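A.B. asks: Quick one: the structure is below, questions incoming.
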Amino acid sequence: IDLAVIGLGYVGMPLAKEAVAAGLRVVGLEVDPTKVEALNAGQSYIDDLTDADLDHMLANGFSATLDESVLARSNTIVICVPTPLDEDHRPDLSAVEGATRVVARNLTKGTLVVLESTTWPGTTDEVVRPTLEKDSGLVAGEDFHLAFSPERIDPGNPKFGLRNTPKVVGGYTATCRDRAKAFYGQFIEQVVPVSGTREAEMAKLLENTYRHVNIALVNEMAIFCDELGIDLWESIEAAATKPFGFQKFLPGPGVGGHCIPVDPSYLSYTVRKLGYPFRFVELAQEINERMPSYVVNRVQRLLNRHRKAVNGARVVMLGVTYKPDIADERETPALPVARALLELGAELTFADPYVKEWSVDGTPVPREEDLGEAVINADVTLLMQQHAAFDLDMVEAKARLVLDTRGVLAEGERVERL
Ligand code: SAJ
């Protein structure tokens, strides 16, 4: 077997797909039997992987399995398991540690092991390597090779996929790095080697923390521009005319997903280990985490200006996923917004083409089936995600009041933007 992929999610499966397309013999290792069953039956649960893709993979020797012994017959093993935060907002490496132990007890000489999961700098060297060496009796850099290569899969991105997104690679030794570079070079157009695993781990955290802090910048500006009566949305478009040195970010109701709210915490965990707080990033996190309550405050003020209270008001929330046009609700800001509105006594409903049923702390929120009726009947429409399926011209024309948190509607006496 040329490649064993551990973790068959939105990162592992595109990797398996491209490796199969390059003619490699690929096997997928999972802990979840339902995933194994679905994949081997040609049923994809991955947004960007069609059943046809999967059939092609299966026809070319791919299979998913629960049987870890396949690792002993694989000359490359890539770990693509989740690295979330635990309830104390601290890095949770349990999936990485579990996968590493499975690799270690099946590790054979000459194998290349690559970690792709986003994690704090030093994880590959200080967490993965010792376990691999201790449990297998083999020496990294000599008996087997070890590298880190961050995943840059952007679900739903029509332009960039695994093949045409440059792949950063760092090795425990130069030989490790070169082996990983050769491996990825078989099916990825550009491989970017760096001098060590920490540089590769840090590159990923920098990419996403950069995004996080820039979103916080415009979110904080949205708050004081509202007080100053300045249309920040216009100022952002104007600033974006600068052809160099400015990247456009937009205010929003809060930062969701499993990368942007999470990765900065892996970075600050590392910095705090040095004994001092990582103020800049932690302040940005505070700002982004405060946006849901700011949205509720704006709904309250909008209703009050029309002599209504939130208590007893009918509020329809358009879009409960974490970003437009995908069905992912992880860390969605819609949840804290809905929780606060319900606590204030709002009568809440939602509309979202990607979400069939939705509840807040166990309380089901009724789903609107007719968007036109919903915005006419609601005292206020809260636009959270601008799904392409929403007829925004109709919303703008018919809604009694709108708070537009995405700056996609024209301001008017009934429409306010964040
Ligand atoms: N958001 C804003 N304002 C912005 C941009 C995003 O409020 O200007 C919010 C979104 O609404 C969402 C959250 O931030 O709730 C995250 O949005 P995102 O566009 O960063 O989407 P993600 O979470 O899918 O991020 C992924 C990341 N890709 C990888 O980690 C491989 C990120 O690095 C990409 O830059 C991003 O996709 C992308 O560009 O689409």
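A.B. asks: Of the numbered conditions (1) of a type in the set (A, V, I, L, M); (2) surrounded by fewer than 21 Cβ atoms within 10 Å (Cβ to Cβ); (3) within 20 Å of the chain's Cα centre (by Cα); (4) more than 22 Å from residue 131 (Cβ to Cβ), residue 22 fails exactly one; give the number of that condition.
C.D. replies: (3)
A.B. asks: Taking the options 271, 194, 281, name whichever one is more than 12 Å from the ligand (Cβ to nearest atom), touching a strand residue (DSSP E or B) at 6+ places or on another chain (Cβ under 6 Å) and either among the polar types (S, T, N, Q) or farther than 18 Å from residue 404 by Cβ (or both).
C.D. replies: 194
A.B. asks: Test each condition in (1) over 20 Å from the mean Cα position of the chain (by Cα); (2) free of Cβ contacts under 8 Å to residues at least 40 places away in the same chain; (3) under 30 Å from residue 134 (Cα atoms) for residue 27 and report the one that comes out false.
C.D. replies: (2)
A.B. asks: Just one of the numbered conditions (1) open to solvent by 30 Å² or more (accessible area, probe 1.4 Å); (2) at pLDDT 95 or above; (3) in a loop (DSSP other than H, G, I, E, B) is not true of residue 129; which one?
C.D. replies: Going through (1) open to solvent by 30 Å² or more (accessible area, probe 1.4 Å); (2) at pLDDT 95 or above; (3) in a loop (DSSP other than H, G, I, E, B) one by one, residue 129 breaks only (3).
A.B. asks: Across the range 310-346, which residue is nearest to residue 388 (Cα to Cα) among those that are open to solvent by 60 Å² or more (accessible area, probe 1.4 Å) and within 16 Å of the ligand (Cβ to nearest atom)?
C.D. replies: Applying the filter and picking the extreme gives 325.
Matching residues to (1) under 21 Å from residue 321 (Cα atoms); (2) within 16 Å of the ligand (Cβ to nearest atom):
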residue	(1), (2)
221	no, yes
231	no, no
241	no, no
248	no, yes
255	yes, yes
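A.B. asks: Restricting attention to the range 208-219, and to residues there that are open to solvent by 40 Å² or more (accessible area, probe 1.4 Å) and in contact (Cβ under 8 Å) with a residue 12 or more places away in the chain, which single residue is nearest to the ligand (Cβ to nearest atom)?
C.D. replies: 211
A.B. asks: Let me ask another. How many residues does the range 139-188 contain that are closer than 18 Å to residue 128 by Cβ and not hydroxyl-bearing (Ser, Thr, Tyr)?
C.D. replies: The qualifying residues number 21.
A.B. asks: When you look at residue 299, is it more than 12 Å from the ligand (Cβ to nearest atom), more than 21 Å from the chain's Cα centre (by Cα), assigned to a helix (DSSP H, G or I) and among the β-branched types (Val, Ile, Thr), yes or no?
C.D. replies: Values: more than 12 Å from the ligand (Cβ to nearest atom): yes; more than 21 Å from the chain's Cα centre (by Cα): yes; assigned to a helix (DSSP H, G or I): yes; among the β-branched types (Val, Ile, Thr): yes.
Answer is yes for this residue.
The values are calculated or read from the model by the stated rules, or taken from the named source; none is laboratory data. Here the structure is a predicted model, which is why all the values come from computation and not from measurement. Backbone-built Cβ (ideal geometry, glycine too); neighbour counts: all protein chains shown. Areas reflect the complete protein model, heavy atoms only, side chains present, ligands, DNA and RNA absent. Shrake-Rupley method; radii C 1.70, N 1.55, O 1.52, S 1.80 Å.
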